[in-house]
Amino acid sequence: MSNRPDSYSYSACGKAILLGEHFVVYGVPAVAVPLTGVRTTVTATPLLSPQSSCWVDPTLSPAESELAAQLLRHARLRLGSTLPLSVRAHSTIPRGCGLGSSASLAAALCGALARAEDRSLTSEELRAHAHALEELVHGAPSGIDDATVAWATPLSFRKGDAPEPLHSPIDLTLVLASSGPAATTREAVARVAETRLADPDGFASLCQAAAQQVSLGTAALGRGDLANLGRAMNEMQRLLGLVGVSTPALESLVQTALSAGAWGAKLTGAGLGGFMLALVDTDQVDRVSRALRVDGAEHILVTVVPATAMVVAQREGTAA
Ligand code: PMV
């Protein structure tokens, strides 16, 4: 009798971008943190008869099912997965709202298929596989989402370079509030590309300003200086507004969070809807959350990023 498990699961976290989304597509560094409280778990179960592998999820629309089947085919090719499998995903990450749902699915799928083949992937291998899958979904993603969910650590990311884990001497408490449905990342990235086309010199100045804020914010994070990290986030929100990806609902949530005592607040991810992220003191969580709910936030997530612990786990570990 075989002692192989009945099924193989892998769970990957969500992510939030603290500084630098969109500008990262044009070579500016960005900072992102893992959201470990929301996750995607993929379970791959070997099929008894030699039929083709399939994706099982009754909640997917026909278009999403087609994309899921493509992801599965692509992932199997990349991982040399030959065992016939049925694959299921369960996610607590709100879909398409800037919290890394697609990157998390990509990483969890690759992790589960690797386990079914009795292979263990390093974080970097997992990132590369997830990135290839993200290209199917988003076209030409910068790679910040897949790097953050695969490494599961706060990191500084510049397109084309290896991600750099970041150290923060203090926990970061974040309140995330949904402004409602978001456009797709592709649409938001296209909106920024139009802004650039309309005024290339003006856009280059905005990229310079964004790079300066990322640098100031990253240094503040390293010192545990929430006031200056918050300032950099606020300035980044202004720049994201100028490149066309904020909305009145996001602006309103940002102002509400700041008036309720947050250190800083901005949209996170692609924008044009989706989540707003506020940096708060622990004792302000209830006050800020209440104010955001009154302002119409549909969904609120509170998360603490224990930066130092994650950096240690990353140094020790492999992903699978
Ligand atoms: O897909 P989202 O909402 O997590 O946004 C990805 C971040 C962008 O900078 C907008 C795009 C990219 O490829 O980096």
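The values are calculated or read from the model by the stated rules, or taken from the named source; none is laboratory data. Nothing here was measured: the structure is a model prediction, and the numbers come from that model. Here the Cβ is made from the backbone with ideal geometry for all residues, glycine too, and neighbour counts use every protein chain on show.
Give me the pairs: first residue in the range 166-194 and basic (Lys, Arg), second residue at pLDDT below 90 and part of a helix (DSSP H, G or I), beta-carbon distance under 9 Å, and six or more apart or on different chains, which are they? Filtered contacts from the range 166-194: Arg186/Val137; Arg186/His138. Every condition in (1) more than 13 Å from the chain's Cα centre (by Cα); (2) within 16 Å of the ligand (Cβ to nearest atom); (3) among the polar types (S, T, N, Q) is met by Ser120 except one, and the failing one is (2).
If only residues of the range 118-146 that are surrounded by fewer than 20 Cβ atoms within 10 Å (Cβ to Cβ) and assigned to a loop (DSSP other than H, G, I, E, B) are counted, the one that is modelled with the highest pLDDT is Thr122.
Just name the residue that is farthest from Ala210 (Cα to Cα) out of those in the range 3-25 that are within 11 Å of the ligand (Cβ to nearest atom) and of a type in the set (D, E, K, R). Restricting to residues being within 11 Å of the ligand (Cβ to nearest atom) and of a type in the set (D, E, K, R), the top hit is Lys15. Restricted to the range 250-277, and to residues there that are among the small types (Gly, Ala, Ser) and surrounded by fewer than 19 Cβ atoms within 10 Å (Cβ to Cβ), the residue that is nearest to the ligand (Cβ to nearest atom) is Ser252.
Please tell me if Ala107 is at pLDDT 95 or above, surrounded by 19 or more Cβ atoms within 10 Å (Cβ to Cβ), part of a helix (DSSP H, G or I) and within 16 Å of the ligand (Cβ to nearest atom). Against the criterion (at pLDDT 95 or above, surrounded by 19 or more Cβ atoms within 10 Å (Cβ to Cβ), part of a helix (DSSP H, G or I) and within 16 Å of the ligand (Cβ to nearest atom)), Ala107 qualifies. Applying a threshold of 7 Å to beta carbon distances and a minimum spacing of six or more residues, or different chains, the list of pairs starting in the range 120-149 at a residue that is without any contact (Cβ under 8 Å) to a residue 60 or more places away in the chain and over 21 Å from Val33 (Cα atoms) and ending at one that is in a helix (DSSP H, G or I) and within 16 Å of the ligand (Cβ to nearest atom) reads Gly139/Arg186. Scanning the range 40-61 for residues that are within 19 Å of Pro5 (Cα to Cα) and in contact (Cβ under 8 Å) with a residue 60 or more places away in the chain turns up Thr41, Val42, Thr43, Ala44, Pro46.
Just one residue in the set Ala193, Ala198 is more than 14 Å from the ligand (Cβ to nearest atom), of a type in the set (Gly, Ala, Ser) and at pLDDT 95 or above; that residue is Ala198. Of Ala107, Ala183, Ala162, Ala114, all but one fail to be more than 26 Å from Val254 (Cα to Cα), in contact with a Lys or Arg (Cβ under 9 Å, 6 or more places away or on another chain) and hydrophobic (A, V, I, L, M, F, W, C); the exception is Ala107. Inspect the range 62-74 for any residue being at pLDDT 90 or above, touching a Ser or Thr at 6+ places or on another chain (Cβ under 7 Å) and of a type in the set (D, E, K, R) and give the result as yes or no. The answer is no; no qualifying residue exists. Of all residues in the range 13-39, those that are among the basic types (Lys, Arg) have Cβ atoms under 6 Å from Cβ atoms of residues that are part of a loop (DSSP other than H, G, I, E, B) and within 12 Å of the ligand (Cβ to nearest atom), 6 or more apart or on another chain, in Lys15/Gly100.
Filter the range 273-287 for residues that are part of a loop (DSSP other than H, G, I, E, B) and under 16 Å from the mean Cα position of the chain (by Cα) and give the result.
Within the range 273-287, Gly273, Gly274 meet the criteria.
Screening the range 172-187 for residues that are out of contact with any Asp or Glu (no Cβ under 9 Å at 6 or more places or on another chain) and at pLDDT 95 or above and picking the one that is nearest to the ligand (Cβ to nearest atom) gives Leu176. Put simply, of Leu279, Leu258 the only residue that is within 30 Å of Thr195 (Cβ to Cβ) and without any contact (Cβ under 8 Å) to a residue 40 or more places away in the chain is Leu258.
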